[in-house]
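First the structure, in the form of structure tokens, and then the observations on it.
The values are calculated or read from the model by the stated rules, or taken from the named source; none is laboratory data. Because the structure is predicted, anything quoted here is derived from the model rather than measured. Neighbour counts are summed over all protein chains in view; Cβ atoms, including those assigned to glycine, are modelled from backbone coordinates with ideal geometry.
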Amino acid sequence: MREIVIVGGGIIGCTTAYYITRHKEFLEGAIKVTLLEASNRGPAQGASGKAGGLVARWAYPKGIVDLSFDEHVKLANEHNGEDRWGWRYVNCGSWEGRGTTRKNPGKSLEKEQGLPGGQKPLKGKSASSKRKLPDDLQWLKEESTDSYTPMARHGNTAQVHPYLFTMSMFDLAKEAGLQYICGQVTKILRSSEAVTGVEYFDPYTNDIQTLSASQVILTAGAWSPTLLPSLKLTATRAHSVTIRPIEETSISPYVVFTEFKDSSSASGPEIYARPGNEVYACGPGDDLALPATVDDVQVDESACDLIYKQVSSISDELRDGKIEKRQACYLPTVNSNRGGGPIIGEAKTVAKGLFIGTGHTCWGISNGPGTAKALSELVLEGEIKCADLKRFDPALYSL
Ligand SMILES: Cc1cc2nc3c(=O)[nH]c(=O)nc-3n(C[C@H](O)[C@H](O)[C@H](O)COP(=O)(O)OP(=O)(O)OC[C@H]3O[C@@H](n4cnc5c(N)ncnc54)[C@H](O)[C@@H]3O)c2cc1C
């Protein structure tokens with residue numbers, strides 16, 4: 001029997017498990033697949049549980065984007081994503097204006113880089129039109145707004161609740177027969193040229209255990225280089241908050257990228273209205289070193305306060321709401337002059353049977369299902385059939 005081990009229960013690992021458990025060979029009983037997750041709290045505790053959840057046809061890099069968007073649509077139709085993980089189409093725009101004057105230091109998460117020419121493809125309402133915000137975007141202050149520019153045509157931007165999406169993929173895979181182990185993989189084992197298994201720390205016995213494998217899929221997000229040091233990734237920490245507006249407030253479905261002209265910061269928070277009267281907002285990234293596990297990620301309260309302060313200064317509805325979550329997570333970016341990743345494929349020069357799916361920067365939720373489908377094909381059928389993903393091959397990154 002083929003034994004497949006997946007290292008890491010973020011969106012890439014859980015969705016890969018989902019596709020494998022839907023495959024004919026798995027259904028015939030010829031495969032055992034096990035997912036290991038280092039967090040004591042289960043899957044989706046890192047970026048995949050704490051991201052905004054934007055899914056866009058204008059995401060980057062091209063090549064994986066359309067495949068992944070189409071998979072999101074299929075998954076939502078098949079499993080009632082609307083109710084199960086908050087799938088819906090949203091409006092998305094870039095907002096410029098004035099609110100708080102305090103600077104939010106840090107680096108932009110750079111989602112707008114996927115737009116043609118870098119940003120802002122569509123003509124917004126001109127400065128001379130009376131109302132600068134769309135008529136149904138009532139939850140930002142008109143008087144704080146200098147301009148609002150739609151970033152994409154309706155139908156090209158959607159959203160999921162990333163924690164609910166990732167957990168749904170995990171639960172569906174588990175119902176179909178995925179084995180789950182709570183444990184931190186400490187080593188990928190190999191013979192002279194092929195993987196043979198993994199070693200992991202078992203938090204229940206406090207021992208190192210061994211699990212044999214004919215194929216190992218490394219989907220440990222920003223932590224992937226701890227198991228494969230030749231994989232060059234940068235880990236960027238970013239903070240976010242979730243806000244519950246007061247009951248009677250109606251928050252229309254918009255995702256807004258803000259830029260505060262009265263602050264010396266290049267970019268303000270990204271604000272995501274979500275179904276179920278929840279609003280998510282995230283700030284820029286910083287370089288605080290990656291901790292040992294996802295459970296050790298430090299949350300800087302002042303970074304969360306600043307996001308809330310900026311959001312409150314341009315929205316009475318959000319100012320009057322209640323902060324429910326203050327959180328931080330690390331997004332993985334590939335360090336290479338070939339571009340920022342992701343890396344998807346078999347790292348044959350390291351070991352036969354070692355597969356990698358990581359380095360998804362700020363678009364891992366959007367590009368997760370496409371990556372996972374491709375990985376499942378490669379692992380089970382020996383080639384990626386759903387799209388041409390050669391430009392993400394590990395060999396191009398000396399792996
Ligand atoms: C603030 C913010 C907002 C974002 N917004 C969006 C968005 O709107 N749209 C979008 O497309 N993307 C967004 N992203 C990016 C997206 O969140 C990431 O690209 C994606 O979640 C990465 O998924 P992953 O599965 O590779 O990694 P992760 O979610 O980090 O999962 C990796 C998992 O591996 C586990 N692990 C690590 N080491 C080990 C080990 N040794 N053994 C076992 N398990 C291990 C970790 O505990 C973790 O659970 C955002 C990111 C941030 C930070």
Response to the item:
Subset of segment 140-179, residues under 16 Å from HIS72 (Cβ atoms), touching a Gly at 6+ places or on another chain (Cβ under 7 Å) and part of a loop (DSSP other than H, G, I, E, B), comes to VAL160, HIS161
Discussion item. Exactly one condition in (1) in contact (Cβ under 8 Å) with a residue 24 or more places away in the chain; (2) within 13 Å of the ligand (Cβ to nearest atom); (3) over 17 Å from the mean Cα position of the chain (by Cα) is false for THR361; which is it?
Written reply: (3)
Item to complete: Select the strands (runs of 3 or more DSSP E) contained entirely in segment 1-92, then report the ones holding at least 1 residues which are more than 30 Å from ARG153 (Cβ to Cβ) and within 10 Å of the ligand (Cβ to nearest atom).
Response: 2-7, 31-37
Response to the item:
With the first residue restricted to segment 37-65 and required to be outside the structural domain of SER168 (by TED's automatic domain parsing), and the second required to be part of a loop (DSSP other than H, G, I, E, B), Cβ contacts under 7 Å at 6 or more apart or on different chains are none
Discussion item. Looking at segment 1-16 only, could you name the residues that are farther than 17 Å from LYS74 by Cβ, of a type outside the set (Asp, Glu) and touching a strand residue (DSSP E or B) at 6+ places or on another chain (Cβ under 7 Å)?
Written reply: MET1, ARG2, ILE4, VAL5, ILE6, VAL7, GLY8, GLY9, ILE12, GLY13
Fill in: Which numbered condition PRO284 fails, given (1) more than 30 Å from VAL5 (Cβ to Cβ); (2) more than 16 Å from the ligand (Cβ to nearest atom); (3) modelled with pLDDT under 95
(2)
Practice prompt. Could you list, in sequence order, all residues of segment 311-337 that are closer than 21 Å to GLY368 by Cβ and more than 16 Å from the ligand (Cβ to nearest atom)?
Written response: SER336
Practice prompt. State which residue is nearest to the ligand (Cβ to nearest atom) when the search covers only segment 296-310 and only residues that are surrounded by fewer than 14 Cβ atoms within 10 Å (Cβ to Cβ) and closer than 16 Å to ALA222 by Cβ.
Written response: ASP296
Worksheet item: Is there any pair with a first residue in segment 207-227 that is closer than 16 Å to ALA347 by Cβ and more than 7 Å from the ligand (Cβ to nearest atom) and a second that is part of a helix (DSSP H, G or I) and hydroxyl-bearing (Ser, Thr, Tyr) whose Cβ atoms are under 8 Å apart and which are 6 or more apart or on different chains, and what are they?
Response: ILE217/THR16; LEU218/SER224
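Yes or no: THR258 assigned to a strand (DSSP E or B), modelled with pLDDT under 95 and not basic (Lys, Arg)? Spell out the reasoning first.
On the way: assigned to a strand (DSSP E or B): yes; modelled with pLDDT under 95: no; not basic (Lys, Arg): yes.
Spelling it out, it is not the case that THR258 is assigned to a strand (DSSP E or B), modelled with pLDDT under 95 and not basic (Lys, Arg).
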Item to complete: Would you mind telling me which numbered condition in (1) assigned by TED's automatic domain parsing to the domain that holds GLU28; (2) in contact with a Lys or Arg (Cβ under 7 Å, 6 or more places away or on another chain) MET151 fails?
Response: (1)
Worksheet item: Restricting attention to segment 262-276, does a residue exist that is over 23 Å from PHE165 (Cα atoms), modelled with pLDDT of 95 or more, more than 10 Å from the ligand (Cβ to nearest atom) and not in a loop (DSSP other than H, G, I, E, B)?
Response: no
Worksheet item: Restricting attention to segment 311-330, which residues are in a loop (DSSP other than H, G, I, E, B) and either surrounded by 19 or more Cβ atoms within 10 Å (Cβ to Cβ) or under 17 Å from the mean Cα position of the chain (by Cα) (or both)?
Response: SER315, GLY321
Practice prompt. Would you mind stating whether GLU247 is assigned by TED's automatic domain parsing to the domain that holds SER39, more than 14 Å from the ligand (Cβ to nearest atom) and surrounded by fewer than 16 Cβ atoms within 10 Å (Cβ to Cβ)?
Written response: no
Worksheet item: When the residues of segment 190-201 are filtered to those that are more than 13 Å from the ligand (Cβ to nearest atom) and closer than 24 Å to THR21 by Cα, which remaining residue is surrounded by the most Cβ atoms within 10 Å (Cβ to Cβ)?
Response: VAL195
